[in-house]
Amino acid sequence: MHISIITCLPRLLESPFNDSILKRAQTKGLVSVNIIDLREYATGKHKPVDDYAFGGGAGMVLMIEPIDKCITDLKSKRHYDEIIYMSPDGELFTQSIANELSLKKNLILLCGHYKGVDERVREHLVTREISIGDYVLSGGELAAAVVADAVIRLIPGVLSDETSALSDSFQDGLIAPPVYTRPAEYKGWKVPDILLSGHQARIEEWKHEQSLDRTRKRRPNLLK
Ligand code: SAH
């Protein structure tokens, strides 16, 4: 898979892809992530990517021209399955969308900033809009990193134990069971006996019950 992330603040996206699972996924060649500086597509002496909003109002708006040039350039190099604009009023991001996107080959994630992008970008240049929640961030960069992370970890081979994504919350419509590690007792707080019993079948049964119980209590909507 290839993910191109278009941003006017590339530095904001440096660290999420340079550590741990996301870095390993790239080193293993399972995904390539290209962070593109929108400014490279700006024209004029000061390379502006934003301007005042027509009709007035506070806040700058990202201009259509550099975004169009950037997307056209990217599309000339490979076919993209989706061109996704990160937007607070987009489709709410869920594990099921992460699953769907993890099956795609090439994705563009477009990050807005300030007041957002010129509406014509949304009307003519993108194929989809995704929100990571009903709140407003200063820019789409953190949202794009969230989407890319959730998608990349689902690509086969990215997680060392391939079944581990399957046992995560939401993946099977349930919340994951609690997990514990050593020591078995800390300050008198004990790990459930069953997990130390060695009876694998009973342990699995316990985990499933815990998942159901947690889902009932925390996300009853998932059981409907
Ligand atoms: N004026 C816009 C908000 C702009 S926030 C409005 O009221 O809807 C600036 C940028 O941050 C947006 O263009 C978008 O790319 C990003 N962003 C903000 N909140 C987001 C969210 N919840 N999910 C995804 N992207 C978000």
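The values are calculated or read from the model by the stated rules, or taken from the named source; none is laboratory data. Computed from a predicted model, the values in this text were never measured in an experiment. Positions of Cβ are backbone-derived with ideal geometry, glycine not excepted, and every protein chain shown enters the neighbour counts. In case anyone asks, the SASA skips ligands and DNA or RNA and just uses the protein heavy atoms, side chains included. Shrake-Rupley method; radii C 1.70, N 1.55, O 1.52, S 1.80 Å.
Structure summary
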read-out: Solvent-accessible area, 1.4 Å probe, carbon plus sulfur percent, for the chain; value: 52 percent
read-out: Net charge, Trp206 excluded, C-beta distance under 12 Å - Lys, Arg +1, Asp, Glu -1; value: -3
read-out: Euclidean distance of C-alpha centroids, the range 159-208 and the range 93-140, integer Å; value: 34 Å
read-out: Those GluC sites (Glu not before Pro) in the range 138-224 that DSSP places in a loop and that have at most 15 other beta carbons within 10 Å; value: none
read-out: Among Leu101, Pro10, Tyr186 - extreme Cα towards positive end, dipole of the chain, charges at beta-carbon; value: Tyr186
read-out: Mean ellipticity per residue at 222 nm, deg cm²/dmol - from DSSP H runs of n ≥ 4 across the chain, formula -39500 (n - 2.57); value: -9000 deg cm²/dmol
read-out: Surface accessible to a 1.4 Å probe, Arg216 within the full protein complex, Å²; value: 130 Å²
read-out: Set of aspartates and glutamates near Lys23 by C-alpha distance (under 13 Å), chain-local residues within fewer than 8 positions excluded; value: Glu14, Asp149
read-out: Cross-link partners of Lys207 among lysines (Cα-Cα below 27 Å; sequence separation of 8 or more within a chain); value: Lys187, Lys190, Lys217, Lys224
read-out: The range 2-87: chymotrypsin sites (Phe, Trp or Tyr not before Pro) in DSSP coil with no more than 15 other Cβ atoms inside 10 Å; value: Phe54
read-out: As computed over the range 2-152, the Cα convex hull volume per residue (Å³); value: 116 Å³
read-out: Per DSSP, loop trypsin sites (Lys or Arg not before Pro) in the range 1-108 with at most 12 further Cβ within 10 Å; value: Lys28, Lys45, Arg78, Lys105
read-out: Proximal aspartates and glutamates to Lys77, defined as alpha-carbon separation beneath 16 angstrom and excluding residues fewer than eight positions away on the same chain; value: Asp68
